[in-house]
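Everything on this sheet refers to the single structure shown next.
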Amino acid sequence: MLDFPHRTARLHGAAPPHDNHKERDVNAQDNKRIVMEGFRLFQGGDIPNMMALVHDDAEWLGPDAESVPFAGSFHGKAEVARFFAELGGSVQPMRFVVNDVVAENDKVVVIGEATWLVKSTGRSYEVPWVNVFTMRDDKIIRVETFHDTAPAERAFRPDRPDLAAAANALRH
């Protein structure tokens with residue numbers, strides 16, 4: 001059995017005893033609804049209306065990948081729109097699935113998987129992903145994306161036959 005010396009200590013992010021849990025649950029559910037509406041618009045190709053859900057000061061933070069045009073971080077609503085333009089210009093979604101959504105306080109965590117076709121090389125890649133959304137004023141203010149960049153790097157690199165063979169071998 002674990003013995004915590006300060007049994008009254010709160011976990012980081014845990015609500016103080018006087019918080020109104022019902023109000024926080026409603027806010028979390030509203031945040032979840034907004035994020036899922038964004039996914040619905042994204043999957044329907046309606047990027048302009050999806051961008052209406054994004055805060056002017058938004059950040060899109062993702063891992064860097066040298067060969068992937070939409071990799072990295074984007075700051076401000078115009079840059080986030082550029083992320084989606086780069087994404088749409090370079091890949092075609094073959095499969096995009098949301099597997100789970102968890103919302104609490106100002107955070108919404110979405111877990112999914114996707115298969116993308118790289119337009120310039122004709123290669124596809126699969127990748128599981130996790131997006132952590134932070135909400136402010138009923139808008140998306142921050143997105144942190146977590147995924148393995150190696151499959152995308154291999155699919156985007158036409159100059160590396162060794163990587164292309166590895167990318168094809170990874171397909172299911």
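The values are calculated or read from the model by the stated rules, or taken from the named source; none is laboratory data. Bear in mind that the values here come from a model prediction, so they are computed numbers and not experimental data. Glycine also receives a Cβ, built like all others from the backbone with ideal geometry; neighbour counts cover every protein chain displayed.
Within region 131-140, can one find any residue that is surrounded by 15 or more Cβ atoms within 10 Å (Cβ to Cβ) and in a loop (DSSP other than H, G, I, E, B)?
No, region 131-140 contains no residue that is surrounded by 15 or more Cβ atoms within 10 Å (Cβ to Cβ) and in a loop (DSSP other than H, G, I, E, B).
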key: Selection within region 43-63 - surrounded by fewer than 17 Cβ atoms within 10 Å (Cβ to Cβ) and either closer than 12 Å to PHE83 by Cα or modelled with pLDDT under 95 (or both)   = GLN43, GLY44, GLY45, ILE47, LEU61
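Which residues, counting only those in region 83-103, are out of contact with any Lys or Arg (no Cβ under 9 Å at 6 or more places or on another chain) and exposed (fewer than 14 other Cβ atoms within 10 Å of the Cβ)?
Just the residues of region 83-103 that are out of contact with any Lys or Arg (no Cβ under 9 Å at 6 or more places or on another chain), to begin with: 83-88, 93-100.
Selection gives ALA85, MET94, ARG95, VAL97, ASN99, ASP100.
Looking for whichever is out of contact with any His (no Cβ under 7 Å at 6 or more places or on another chain), acidic (Asp, Glu) and under 15 Å from ALA155 (Cα atoms) here; the options are GLU66, GLU79. Which one fits?
GLU66
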task = Being hydroxyl-bearing (Ser, Thr, Tyr) and not in a strand (DSSP E or B) is the filter; apply it to region 109-124 and report the residue that is farthest from ARG157 (Cα to Cα).
result = SER120
request  = Pairs only if they're at least six apart or on different chains, beta carbon under 9 angstrom, first in region 82-101 and of a type in the set (D, E, K, R), second in a strand (DSSP E or B) and exposed (fewer than 15 other Cβ atoms within 10 Å of the Cβ); list them, first residue then second.
outcome  = ARG95/GLU113
request  = Please identify the pairs in which a residue from region 134-149 that is without any contact (Cβ under 8 Å) to a residue 24 or more places away in the chain has its Cβ atom under 7 Å from the Cβ atom of a residue that is hydrophobic (A, V, I, L, M, F, W, C) and surrounded by 16 or more Cβ atoms within 10 Å (Cβ to Cβ), counting only partners at least 6 apart or on another chain.
outcome  = ASP148/VAL127
inquiry  = So for region 116-124 (the condition being surrounded by fewer than 17 Cβ atoms within 10 Å (Cβ to Cβ) and within 15 Å of the chain's Cα centre (by Cα)), does at least one residue qualify?
reply    = no
